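What follows is a short report on a single structure.
Derivation of every value follows stated rules applied to the coordinates shown; laboratory data play no part. All of these numbers come straight from a predicted model, not from anything done at the bench. Here Cβ is always computed from backbone atoms with ideal geometry, including for glycine, and neighbour counts include all displayed protein chains.
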There are 2 protein chains.
Amino acid sequence: MNTIASLPTLRVAVLGSGTVGTEVVRALREDAEELAARSGAHLQIDSIVVRDTTRPRDPVIPTDLLSTDAEAAVAGADLVVEVMGGIEPARGLIRMALSRGASVITANKALLATHGPELFEAADAAGVDLFFEAAVAGAVPVVRGVRESLAGDTINRIVGIVNGTTNYILDQMTTAGMDFDEALAQAQELGYAEADPSADVDGDDAAAKAAILASLAFHSRTYLDDVPTTGIRNITAEDIEAAAQSGHVLKLLAIAEQRRDNGLRGVAVRVHPALVPADHPLAGVHGAYNAVLVHAAAAGTLMFYGAGAGGAPTASAVLGDVVAAARHRATGGRGPAESDYAALRPLGSEHVRTRYQVRLQVQDKPGVLATLAGTVADHGVSVETARQVATDHGQAALVLITHLASERALGEMVRALGRLEEVVHVSSVLRVEGH
Amino acid sequence: MNTIASLPTLRVAVLGSGTVGTEVVRALREDAEELAARSGAHLQIDSIVVRDTTRPRDPVIPTDLLSTDAEAAVAGADLVVEVMGGIEPARGLIRMALSRGASVITANKALLATHGPELFEAADAAGVDLFFEAAVAGAVPVVRGVRESLAGDTINRIVGIVNGTTNYILDQMTTAGMDFDEALAQAQELGYAEADPSADVDGDDAAAKAAILASLAFHSRTYLDDVPTTGIRNITAEDIEAAAQSGHVLKLLAIAEQRRDNGLRGVAVRVHPALVPADHPLAGVHGAYNAVLVHAAAAGTLMFYGAGAGGAPTASAVLGDVVAAARHRATGGRGPAESDYAALRPLGSEHVRTRYQVRLQVQDKPGVLATLAGTVADHGVSVETARQVATDHGQAALVLITHLASERALGEMVRALGRLEEVVHVSSVLRVEGH
């Protein structure tokens, strides 16, 4: 092994100095010797790009390295760490860095979910690394797991809890019996949810991560727009309770799978709340934790679990990538590449068959179940369990769990049920996964 | 991206053609094009080294590549895949391969746990990759997680279930109420345990993996001999039941941690059965599955979960390493290196403080608890809970759970209790982890 003194120096530009950027700078400064030993190079911060150099910052940020000139910073760097977020100027700066032969580490899920393939191709053309472990599930090393550990295997399906905010809210609704608004307010109080929580609770953050995982796992080009997304805003305490009564827990899942449907081969990606069995590995993921299950042909089922967000965990993921990219530069090599993109088209959710839980409010009188059963059968859907609970005013709550059904058949069945005189209203329709 | 046709060719020698070797050869042949795209090189099997070329084999093994001349095979290879197992000749062949500049992928945990540091140094001196994901927990990518993803973080503690056979046995004892012999017989019938199960049930296999993980995580030199090991042979149905009554599950754990004890800094590694709380992530690991929890300073707690053994999962891990090593050769670089070894000495279990469950058979008469409490207090041990159940013949079963105590204090206390006239015998002493 080289002695530390004889190692080459790599110049690092850090774009952004929010929570993650600050933790990255802290580690690069405080653990410099250890990181040099592991990287085979000294990592020297040349500039930290910010919008306003005069704002008060954590004292670990050396003010003399602050700059507002991102292009100059990128032009002089061997390694560019992009933790500024947003589409532009991040996209242009990463393209510029790659074309100048710098390696890039980014935590920017929104950018990768909308422009990932273009950036991967630019990295490939330039022969440099583009790493992004921190963009999916924070410190949980699922990107490296899919991209490297399973590089000799075939991935069939990925199912994950990739948004900590919504998992915290659903977990509080489940374990503490809160309703959605109460759990959201608590999540905001604890800093798990933003003042405007829409990106989390409407599923968009999870959808971006699902698109990235699908692109990686299936060597496909999957974009955010290819991901049908339902958030958790409409989940009620009654949904959670009905799920519990059939031995299930409600989770917001990101699902990506290779499918063949009537000869059509493609990738189906989706984000929606779903019931999972209480003894399923994902059911045990509590609080703001993330977990991703990967089903591969040879490896079987793998699960990656950990903190999906936060400054320090995200910085840990960024730094793992910095060390790997630095090591490749120091030794002249490159990290994992994608295969040629497979011609897998995105399949809409009409190609997906799942089980469903349908909750209905019905009139509590003889013959109702038989009438409903007839309508269900007419649509080619088969019911696994039906549970009826008398409520008030001559009404009853009815909870059906179906066998596998297509979204179309299910949708038509639900509309037909809604038109029946015996049905007061359809309370909710939720998917059931994990069986 | 290069077109497939223009890629260089790397020559691969596979040492061993058991279950794992056969699956590796199958993938190298059947997925050749995909692996070439991901590796940036064609992977051409030059030879498959076996002890007896005439034995009947899976038809995927090309008989014209079989050879008994391991040295010739290694001499001509760019990549050596060692899946033969055992110390010699594997050690000599890997050293030869490394010194000739070949990259090595091995699944050999016994070898790494006894001669790992010497081999890592040889790889470092030669500037080539020595990868061994398959040596710990099969397809579960914990080696890559620790070595690469957490390369910019500080690992404090690793706790894992790393032996599927013993987890299967303990899980059957817990969920189906079997006793040890019955569960072992079933594990043997299902192929989870060998005819001679000692390497698994006595904890040696787990100890080898613990030594490897400790070396990796703490950049220390930890050998199999440094790991105090207790297996599960003496675990009884009564132990499992007593654990359940206090809300715990019994698991065989491999634990590696950095500790400071009276100014002494070192690495404490151990393998023993332990009670973990029923809602702990490791408690939910059933059947022959493996799971490893890693506690890092910035990343927090990560868990890696999956199939810990079996031909296909182990081959998947080997192939991920083959692709990474091939990619480095094709692009001229190298994968992760170790830091300089830290001067962390192995600390014996006398430096470890844990909680304990002590089961005693005592005389069921007034004043017994007070006498025992006095003896316990005399040894500086404090009791968290005591539970007494009357049995037969004027005796009672007493289960104590202590607060943190050193092994020495606990051992002396147990011996003192055993000498008391009121104590019929000490039934078992087990550690409690995960609080």
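Does anyone have the angle between helix B:204-218 and the longest principal axis of chain B? Alpha-carbon axes, 0 to 90°, nearest 10? Long axis of B:204-218 versus the principal axis of chain B: about 70 degrees. Ranking B:A268, B:Q186, B:I232 by Cα position along the charge dipole of segment B:143-307, where only Lys, Arg, Asp and Glu carry charges on their C-beta atoms, puts B:A268 farthest toward the positive end.
Counting other C-beta atoms within 10 Å, and keeping those with at most 16, which DSSP coil trypsin sites (Lys or Arg not before Pro) do you find in segment A:188-243? Kindly include the intermediate steps, with their values, before the conclusion.
On the way: sites: A:K209, A:R221, A:R233; in loops: A:R221, A:R233.
Sites meeting the loop and neighbour criteria: A:R233.
Using the charge dipole of segment B:352-432 (Lys, Arg: +1 at Cβ; Asp, Glu: -1 at Cβ; taken about the Cα centre), state which of B:Q357, B:V399, B:A370 has its Cα farthest towards the positive end. So the residue furthest toward the plus end is B:Q357.
The residues neighbouring A:I48, those whose beta-carbon lies less than 13 Å from its own, together hold a net charge of -1 under the Lys/Arg +1, Asp/Glu -1 convention. Evaluate Rg over Rh across segment A:143-307, taking Cα atoms for both radii and Kirkwood's formula for Rh. That ratio is 0.98, to two decimals. Residues A:S220, B:S406, ranked from the fewest to the most other C-beta atoms within 10 Å, line up as B:S406, A:S220. Restricting the GluC sites (Glu not before Pro) of segment A:382-435 to loop positions (DSSP other than H, G, I, E, B) with no more than 11 neighbouring Cβ atoms within 10 Å leaves A:E421.
Taking the Cα atoms only, what angle lies between the long axis of helix B:368-378 and the longest principal axis of chain B, rounded to 10 degrees? Approximately 60 degrees, to the nearest 10.
If you take every residue apart from A:P141 with its C-beta less than 13 Å away from the C-beta of A:P141, what net charge results, scoring Lys and Arg +1 and Asp and Glu -1?
Net local charge, A:P141 excluded: -2.
Charge dipole (Cα centre; +1 on Lys/Arg Cβ, -1 on Asp/Glu Cβ; no other charges) of the protein assembly as shown amounts to roughly 1000 debye. Distance between the pseudo-spin-label points of A:Q188 and B:V383 (7 Å out from Cα toward the beta carbon): 5.1 nm. Our note on the geometry: Cα centres of segment A:132-186 and segment A:348-398, 31 Å apart. Looking at chain B alone, DSSP beta bridges between its own residues are antiparallel in about 70 percent of cases. From a point 7 Å beyond the Cα of B:E30 in the direction of its Cβ, which residues of segment A:256-280 have a backbone N at a distance under 20 Å? Those under the cut-off are A:258-260. Please report the net charge: other residues with Cβ closer than 9 Å to the Cβ of B:L400, K and R +1, D and E -1. Neighbourhood net charge equals +1.
One residue of chain B places its C-beta nearer than any other to the axis carrying B onto A; that residue and its whole-Å distance are B:G333, 1. Between A:T175 and B:Q245, the simple spin-label model (points 7 angstrom out along Cα→Cβ) gives 2.8 nm. The mean count of C-beta atoms from other chains within 10 Å of the C-beta of residues in A:281-290, rounded to a whole number, is 2.
Using only the alpha-carbon atoms, how far is helix B:180-189 inclined from the longest principal axis of chain B? Give it as 0 to 90 degrees, nearest 10. The two axes meet at around 20 degrees. Charge dipole (Cα centre; +1 on Lys/Arg Cβ, -1 on Asp/Glu Cβ; no other charges) of segment A:143-307 amounts to roughly 1020 debye.
For the protein assembly as shown, the calculated P(r), taken from all Cα-Cα distances in 20 Å bins from zero up to the bin holding the longest distance, is 14, 43, 34, 9, 0 percent. Placing +1 on the Cβ of every Lys and Arg and -1 on the Cβ of every Asp and Glu, with nothing else charged, gives segment B:352-432 a dipole about its Cα centre of roughly 280 debye. Take the alpha carbon atoms of segment A:50-125, find their center, do the same for segment B:52-104, and report the distance between the two centers in whole angstrom. A separation of 46 Å, based on Cα centres.
Look at B:V383, A:V74 and count the other Cβ atoms within 10 Å of each Cβ; fewest to most, that gives B:V383, A:V74.
Looking at the protein assembly as shown, the DSSP beta bridges with both ends there are about 70 percent antiparallel. The lysines whose alpha-carbon is closer than 20 Å to the alpha-carbon of B:K251, local same-chain residues fewer than 8 away aside, are B:K209.
May I ask you to list the GluC sites (Glu not before Pro) in segment A:129-225 that are in a DSSP loop and have at most 14 other Cβ atoms within 10 Å of their Cβ?
Numbers: sites: A:E133, A:E148, A:E182, A:E189, A:E194; in loops: A:E194.
Hits after loop and neighbour filter: A:E194.
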